[in-house]
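S.K.: Sharing a structure below in structure tokens format, with a few things to ask.
Any read-out appearing in this document is the output of simple, stated calculations on the displayed coordinates, not a laboratory observation. For clarity, every value in this text was computed on a predicted model and none was experimentally measured. A quick note on method: Cβ atoms are made from the backbone with ideal geometry, for glycine too, and the neighbour counts reach across all protein chains shown.
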Amino acid sequence: MEIKGLKDELAGLKNEGRYQSLKIWETGSGTWMELNGRKVLQMCSNNYLGLTNHPELKQAATEAITKYGVGSGSVRTIVGTLDIHDRLENELARFKNTEAALVFPSGFTANQGILSSILGEEDAVISDELNHASIIDGIRLTKAIRKVFKHKDMDQLEAALKESADCRRRVVVTDGVFSMDGDIAPLPDIVALCERYDAIVYVDDAHASGVLGKNGKGSADHYGLHGRIHVQVGTLSKAIGAVGGYMAGSQSLKDYLIHKARPFLFSTSQPPSVAATCLAAIQVLSFSQHLLDRMWNNTAYFRDRLKEIGFDTGISETPIIPVIIGDPARTSRFSEELLEEGVSATGIVYPTVAMDKGRIRMIVTASHTTGDLDFALDRLTEVGRRFGLV
Ligand SMILES: *Cc1c(COP(=O)(O)O)cnc(C)c1O
């Protein structure tokens, strides 16, 4: 049965050049993936360290399926907390240097669950304008006063802290690494302001988990801010290579969330194989810096070459590297022509970014070889010339 109005709206999206159909990939996540029977170089997955295909993770998953079966059968608070879930949380807390950690079904639901639990109508939440959709939705679930500061603008953050002085609790929330520009949050300044105004610091490290800091411990470690951040959110879905999200923080926050956070309470726990995979990933990261070094070397190489060629890579400081193209139609065409040339990179356009700042967003991983990166640079240069960009 048709739902009235949907087709008209979809036609509108098509007219604006914003309609998307899903691409169906015929191989697993990796550097070279098959699309319509053709090999394409993947430059936009979040598989930063190539862990989706790591032999130790695959073995851990297989062994867990043999031991526990494929599903957990329940939410955590009923019979869905298996020893493997408990071990993962203890390991995450150790890895993040916090008292405790709590795993959620995803990073998205971690933000929704935590923000809606710790904020009430007596409180204020102060948020960077470029924060992730899951933070925005988490904030929408609360009755707290909402304040938004311009991207990384510490004067506006300070003004918001002063204006909210009468609130019971002020929570300042920021992405650790911003997903559209690949820039890093000014966490030392945010922490200093929050300490001065007695506010809570909340960092969403989805793109920083497994990327920033020693062994990929995240932005708190990157800046040496251990013990000064109240809430760290991480994802197990990007660099860690599986799926899930988590909170790292105090034991009392964990205990509180076990009673209040609705995605934790009302959604089934991770399949044991997923928990085992994440546990193996943390072990791989803890024992070796090798994959991170490769990822960062590849990032420096790729970004430097792009700049030499004459591309505008914006303010990127991480393996997320945007190449600025222009208006939405031009950006979409660039992304399509690049795919024709054998390189996959997502076009990101208005309203996600400004009208004239449409970009293709590239993500460099540890698995790319120098040959892969050279191939991408060569194809980008070819398409860039056609577009008069270089
Ligand atoms: C990807 C992302 C999330 C969502 O994480 P999932 O585990 O994929 O649900 C949350 N926050 C930020 C900043 C992200 O980039």
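S.K.: Give me the lysines in straight-line cross-link reach of residue 254: C-alpha distance below 21 Å, same-chain residues under 8 apart excluded.
M.R.: List returned: 96, 217.
S.K.: What are the ³J(HN,Hα) couplings of the stretch 342-358, residue after residue, when phi is run through the Karplus curve with 6.51, -1.76, 1.60 and θ = phi - 60°? Round to Hz, x for glycine and proline.
M.R.: Each residue of the stretch 342-358 in turn: x, 10, 9, 8, 6, x, 10, 10, 3, x, 5, 10, 4, 3, 9, 10, x Hz.
S.K.: Cross-link partners among aspartates and glutamates for residue 143, C-alpha distance below 14 Å, same-chain residues fewer than 8 apart left out?
M.R.: Within the straight-line limit of under 14 Å, residue 143 reaches these aspartates and glutamates: 121, 122, 123.
S.K.: Output ³J(HN,Hα) for the stretch 71-79: one whole-Hz value per residue in order, computed from phi by the Karplus curve 6.51 cos²θ - 1.76 cosθ + 1.60 with θ = phi - 60°, and x for Gly and Pro.
M.R.: Once θ is set to phi - 60°, the couplings for the stretch 71-79 become x, 9, x, 6, 6, 4, 7, 9, 10 Hz.
S.K.: Project the alpha carbons of the stretch 55-286 onto their principal axes and report the range along each, largest first, in whole Å.
M.R.: Result, largest extent first: 56, 34, 29 Å.
S.K.: If the cut-off is a Cα-Cα distance under 18 Å, which lysines reach residue 150, setting aside same-chain residues fewer than 8 apart in sequence?
M.R.: Straight-line reach from residue 150, under 18 Å: 162, 357.
S.K.: Hey, another quick one. In terms of the Cα gyration tensor, with a ≥ b ≥ c the square roots of its eigenvalues, is the stretch 129-191 rounded because a/c is under 1.5, prolate because a/b exceeds b/c, or oblate?
M.R.: Judged from the Cα gyration tensor, the stretch 129-191 comes out oblate (a/c at least 1.5, b/c at or above a/b).
S.K.: Also: Out of the DSSP beta bridges found with both residues in the stretch 55-286, what percent are antiparallel (nearest 5)?
M.R.: Here the antiparallel bridges make up roughly 40 percent for the stretch 55-286.
S.K.: Can you list residues whose amide H is under 5 Å from residue 321's amide H, if they're 5+ apart or on another chain and H is modeled 1.01 Å from N?
M.R.: For residue 321, the qualifying residues are 362, 363, 364.
S.K.: Rounding to the nearest 20 debye, state how big the charge dipole of the chain is about its Cα centre with +1 on each Lys and Arg Cβ and -1 on each Asp and Glu Cβ.
M.R.: Roughly 480 debye, rounded to the nearest 20.
S.K.: Which order do the peptides 168-180, 38-50 come out in when sorted by mean C-beta neighbours inside 10 angstrom, highest first?
M.R.: Highest mean packing first, the order is 168-180, 38-50.
S.K.: Where does each of 126, 325, 118 land when they are ranked from fewest to most other beta-carbon atoms within 10 angstrom?
M.R.: Values: 126 31, 325 26, 118 23.
Fewest to most other Cβ atoms nearby, the residues stand as 118, 325, 126.
S.K.: For residue 50, list long-range residues whose amide hydrogen, built 1.01 Å from N in the peptide plane, is under 5 Å from its own amide hydrogen.
M.R.: Close amide H contacts, sequence-distant or interchain: 366, 367.
S.K.: Next question. Looking at the chain as a GNM with Cα springs under 10 Å, which of 109, 268, 66 has the largest mean-square fluctuation?
M.R.: Evaluated over the chain, the most mobile residue of the options is 66.
S.K.: Under 5 Å between amide hydrogens, which residues at least 5 positions from residue 104 or on another chain qualify, with H placed 1.01 Å from N in the peptide plane?
M.R.: 245, 246, 247
S.K.: Can you tell me the relative contact order of the chain? Whole percent, Cα pairs under 8 Å, sequence separation 6 or more.
M.R.: Averaging sequence separation for qualifying contacts and normalising by length gives 21 percent for the chain.
S.K.: May I ask for the Kirkwood hydrodynamic radius of the stretch 211-263, worked out over all distinct Cα pairs and given in angstroms to one decimal? Mind dumping the intermediate values first?
M.R.: Details: mean 1/r = 0.0815 Å⁻¹.
Radius from the Kirkwood sum: 12.3 Å.
S.K.: Turning to a different aspect of this structure: Tell me the volume per residue, in Å³, of the convex hull enclosing the alpha carbons of the chain.
M.R.: 164 Å³
S.K.: Please list 3J(HN,Hα) in residue order for the stretch 127-141, calculated via the Karplus relation 6.51 cos²θ - 1.76 cosθ + 1.60 where θ = phi - 60°; whole Hz, with x for glycine and proline.
M.R.: Values per residue, Gly and Pro as x: 10, 5, 5, 9, 4, 4, 3, 5, 6, 4, 5, x, 5, 4, 7 Hz.
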